[in-house]
Amino acid sequence: MSLDHSLSSERIVRIHLAACYRLCALNQWDDLIYTHISAAVPGEPDHYLINPFGMQFDEITASSLLKVNVQGELLPGQSGMVNPTGFAIHGAIHRARTDAQCVMHLHNTAGIAVSAQRDGLLPLSQHAMRFMGHLGYHDYEGLALTESEGVRLVANLSSYPAMLLRNHGTLTVGRTIAEAYVVMATLIKACEIQVAALSSPNLITPEPRIIEKAAADLHALGAEEGTLEWPALLRKLDRIDPSYKQ
């Protein structure tokens with residue numbers, strides 16, 4: 001997919017964010033009208049784009065996304081509603097992490113299942129090894145995210161690209177929407193593999209030195225992820241339904 005170079009930087013972000021929502025719906029990572037993906041508005045500090053509360057992920061378009069401030073309050077000139085509790089997680093991370101241009105939070109089944117397991121994500125697959133030493137955990141504290149919990153959540157995320165919210169779901173951040181999505185896809189795949197693997201009592205776990213080496217190699221010294229994958233994903237989405245760009 002190639003975008004018109006005359007489009008504003010905000011419009012381009014809107015298109016990519018709408019695509020991210022649609023791709024999540026295609027993968028069945030959505031949860032009715034719940035969970036959120038937010039992205040920073042270029043050139044507008046403390047302004048973010050997020051889905052209108054009440055729309056399913058497969059309905060999201062570039063134009064339907066709402067612009068909010070860091071408190072999750074709707075900016076003037078728009079109609080719609082934002083889930084303030086949902087944005088609390090996003091707002092806390094956006095405020096604390098200047099690199100978090102995109103924040104994804106999902107309630108996918110495998111991610112919640114692994115988050116509820118005492119030992120969390122295990123190095124049972126190459127996908128999981130990417131996160132060894134690069135994954136945070138945040139204990140469940142209830143539905144409403146208070147300001148004090150936001151501080152703890154940000155501390156638990158630290159500088160990691162991903163986190164398991166215990167008994168709740170998965171969270172990733174990215175320097176781009178593409179990066180947040182690809183990291184999320186890798187994390188979900190790792191969780192799905194773990195849930196399937198734990199059905200067998202005869203598991204093979206690589207030696208610690210191999211896990212450490214794989215983690216270092218797969219983390220790629222912090223190189224930006226999603227650069228190659230994202231254009232291919234957009235081409236796929238264009239073949240299926242290009243209406244996300246509207």
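Okay, here's what the table says:
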item	result
Cα shape, the stretch 1-71, gyration tensor, a/c 1.5 rule	oblate
Residue among ASP30, ASP119, ASP217 with the largest mean-square fluctuation in a Gaussian network model of the chain, springs linking Cα atoms under 10 Å	ASP119
Estimated dipole of the chain in Debye, rounded to 20 [Cβ of Lys and Arg +1, of Asp and Glu -1, Cα centre]	260
C-alpha center-to-center spacing [the stretch 79-111, the stretch 188-246] in angstrom	21
Qualifying GluC sites (Glu not before Pro) for the stretch 119-171 [loop in DSSP, other Cβ within 10 Å: at most 16]	GLU141
Percent carbon-and-sulfur accessible area, the stretch 158-246, ignoring ligands, DNA and RNA, probe 1.4 Å	58
Gyration tensor (alpha-carbon) shape descriptor, the chain, a/c threshold 1.5	prolate
Length added when fully stretched, VAL195-ASP58, from 0.36 nm per residue minus Cα-Cα	46.7 nm
Cleavage-rule hits (chymotrypsin sites (Phe, Trp or Tyr not before Pro)) in the stretch 45-103: DSSP loop, at most 10 neighbouring Cβ within 10 angstrom	none
Surface accessible to a 1.4 Å probe, per residue, for the residues of the chain, Å²	48
Accessible surface of the stretch 1-97 [probe 1.4 Å, protein heavy atoms]: carbon and sulfur percent	51
Candidate aspartates and glutamates for bridging to LYS189, where Cα separation is under 20 Å - those fewer than 8 sequence places away on the same chain excluded	ASP30, ASP31, ASP119, GLU179, GLU212, ASP217, GLU224, GLU225, GLU229
Tensor-based shape of the stretch 179-246 (alpha-carbon gyration tensor, a/c under 1.5 rounded, otherwise prolate or oblate)	oblate
Measure of compaction for the stretch 11-143 (Cα Rg per 2.2 N^0.38 Å)	1.11
Residue with peak Gaussian network fluctuation, the chain [Cα springs, cutoff 10 Å], from TYR137, TYR160, TYR181	TYR160
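The values are calculated or read from the model by the stated rules, or taken from the named source; none is laboratory data. Everything numeric in this text was worked out from a predicted model, so none of it was measured. In this analysis, Cβ positions are derived from the backbone assuming ideal geometry, glycine residues included, and neighbour counts consider all displayed protein chains. To get the accessible areas, we keep the full protein, side chains included, count just its heavy atoms, and leave off ligands, DNA and RNA. Shrake-Rupley method; radii C 1.70, N 1.55, O 1.52, S 1.80 Å.
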